[in-house]
1. Heavy atoms only, probe 1.4 Å: what % of the accessible area of the chain goes to carbon and sulfur, would you let me know?
2. Using a Förster distance of 41 Å, how high is the FRET efficiency between F2 and T40, based on the Cβ-Cβ distance and rounded to 0.05?
3. I'd like to compare 59-65, 22-28: which one has the highest average count of other Cβ atoms within 10 Å, and what's the full order after that?
4. Counting only Cα atoms, I'd like the Rg/Rh figure for the chain, Kirkwood definition for Rh.
5. Roughly speaking, what is the stretch gain from D12 to L98, that is 0.36 nm per residue apart minus the C-alpha to C-alpha distance, in nm to one decimal?
6. Please compute the length gained on full extension between T51 and R124, using 0.36 nm multiplied by the number of residues separating them and subtracting their Cα-Cα distance.
7. Counting only complete DSSP H runs, which helices of the chain cover 30 Å or more along their long axis at the Cα atoms and score a mean Kyte-Doolittle of 0.0 or above?
8. Scan the stretch 2-52 for chymotrypsin sites (Phe, Trp or Tyr not before Pro) in coil per DSSP, keeping those whose Cβ has at most 13 other Cβ atoms within 10 Å, and list them by number.
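The values are calculated or read from the model by the stated rules, or taken from the named source; none is laboratory data. Small disclaimer: the values here were computed from a predicted structure and weren't measured. Every residue, glycine among them, receives a Cβ derived from its backbone with ideal geometry; neighbour counts consider all protein chains shown. The accessibility values were calculated without ligands, DNA or RNA, using every heavy atom of the protein model including side chains. Shrake-Rupley method; radii C 1.70, N 1.55, O 1.52, S 1.80 Å.
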Amino acid sequence: MFNFNFGKKKPDKKQIIIISLILSGIVATLSQCSGVPQRTLWDLLDEVQRTLFPQTVINDILLQDPGIVERRGQRDVDKASKDYEDLTRYSEPSRIPLSRLIEKAPDKALCYSEECKKLGGEMRLCAPWLDTCKKE
């Protein structure tokens, strides 16, 4: 008999505990030797793994710490603010790109009544200076 699993395989608890202990030991040792705060080292590890190894067990371990998640969110917001400031700093107000409204047709497979089909589909605003906002 075959056992098929779809999606990302969850690491087992033993693997998470071992990797957590190793990472904690490395961060604590580096902090003691270099004088750099552990928070900064955890944030550095988070950014490195996000860039180079985004779908690894290390990401799963880091996301279990609410402090790291909060600082990750703050860094993302700060980066988005800086990108926007860089974009608009030397531009005339008329040259600043406006957000784009994206509308999609309703998914007929999800609607079971005529009222649902009349409502329309997904609507969202998209910032054109972000890579995730492509013209559709």
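1. Carbon-and-sulfur percentage of accessible area, whole number: 60.
2. FRET efficiency, F2 to T40: 0.30.
3. Numbers: 59-65: 14.9, 22-28: 13.0.
By packing density, highest mean first, the sequence is 59-65, 22-28.
4. Looking at the chain, the ratio lands at 1.13.
5. 26.3 nm is the gain from fully extending D12 to L98.
6. So the extension gain works out to 23.5 nm.
7. On the way: long enough: 13-34 (31 Å, 1.26); 66-88 (33 Å, -1.41).
Qualifying helices, which must be both long enough and hydrophobic enough, are 13-34.
8. F2, F4, F6
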